[in-house]
Amino acid sequence: MDEFHNKFMREAIRLAREGVQNNEGGPFGAVVVKDGIIVGRGNNRVTSTNDPTAHAEVVAIREACRQLNTFQLTDCMIYTSCEPCPMCLGAIYWARARAVYFGCTKSDASEIGFDDSFIYQEMELDFSQRKIPMIPLLRTEALDVFKTWELKTDKLGY
């Protein structure tokens, strides 16, 4: 069974290396696997696409969802060359992946300049104490849309 998982982790690592060699972004790669088949691939493309959300896991999740024509990956596993950052972790939970296998740790990433610890710290703070101002505005009007959603009978829940 180890060789099964190792094969997919090696592909994630290969994608990370390829992305670095092509100057596409940071040293991160990921694959999404369903029933032993890769259905999504990604490497970090933040700098080459000017998209701060183009992390390897997000790119791979987007491709897998397109390939499978779904927004949930409940029968899928994700292999990523590094422990997911807060954004990618959120995307993985929203996609409902079955399991995540990772290579490097967030500490390893921090040692080469990819330190996400401040985001984890910010998430624990009340929004009024965060470094980027988060200002509540028009909550009552915004809640009206929530009520519309709640009462909608033909919605596709997730």
So Ala30 ticks every box in (1) among the aliphatic types (A, V, I, L, M); (2) touching an Asp or Glu at 6+ places or on another chain (Cβ under 8 Å); (3) in a strand (DSSP E or B); (4) open to solvent by 20 Å² or more (accessible area, probe 1.4 Å) but one. Which box is left unticked? (4)
Exactly one condition in (1) in contact (Cβ under 8 Å) with a residue 40 or more places away in the chain; (2) farther than 29 Å from Thr70 by Cβ; (3) open to solvent by less than 70 Å² (accessible area, probe 1.4 Å) is not met by Phe114; state its number. (3)
Of the conditions (1) without any contact (Cβ under 8 Å) to a residue 40 or more places away in the chain; (2) charged (D, E, K, R); (3) surrounded by 17 or more Cβ atoms within 10 Å (Cβ to Cβ), Glu11 satisfies every one except a single condition; which number is it? (1)
Subset of segment 1-17, residues farther than 23 Å from Cys65 by Cα and within 19 Å of the chain's Cα centre (by Cα), comes to Arg17
Considering segment 19-51 alone, what residues qualify as being hydrophobic (A, V, I, L, M, F, W, C) and touching a residue at least 12 places away in the same chain (Cβ under 8 Å)? Phe28, Ala30, Val31, Val32, Val33, Ile38, Val39, Val46
Answer residue from segment 33-59, given it is of a type in the set (A, V, I, L, M, F, W, C) and more than 15 Å from the chain's Cα centre (by Cα) and is least open to solvent (accessible area, probe 1.4 Å) among those: Val39
For Val100, state whether it is under 13 Å from the mean Cα position of the chain (by Cα), open to solvent by 50 Å² or more (accessible area, probe 1.4 Å) and either closer than 22 Å to Arg10 by Cβ or at pLDDT 95 or above (or both). yes
For segment 81-95, check the following and say yes or no: at least one residue is touching a helix residue (DSSP H, G or I) at 6+ places or on another chain (Cβ under 6 Å), modelled with pLDDT of 95 or more, part of a loop (DSSP other than H, G, I, E, B) and not charged (D, E, K, R). yes
If I filter segment 14-27 down to residues being assigned to a helix (DSSP H, G or I) and open to solvent by 50 Å² or more (accessible area, probe 1.4 Å), which single residue comes out as farthest from Tyr101 (Cα to Cα)? Gln21
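The values are calculated or read from the model by the stated rules, or taken from the named source; none is laboratory data. Bear in mind the structure is a predicted one, so any value in this text is a computation, not a measurement. FYI the Cβ positions are ideal-geometry reconstructions off the backbone, even for glycines, and counts take in every protein chain you see. Ligands, DNA and RNA are stripped out before the accessible areas are found, and what is left, the full protein with its side chains, is counted by its heavy atoms. Shrake-Rupley method; radii C 1.70, N 1.55, O 1.52, S 1.80 Å.
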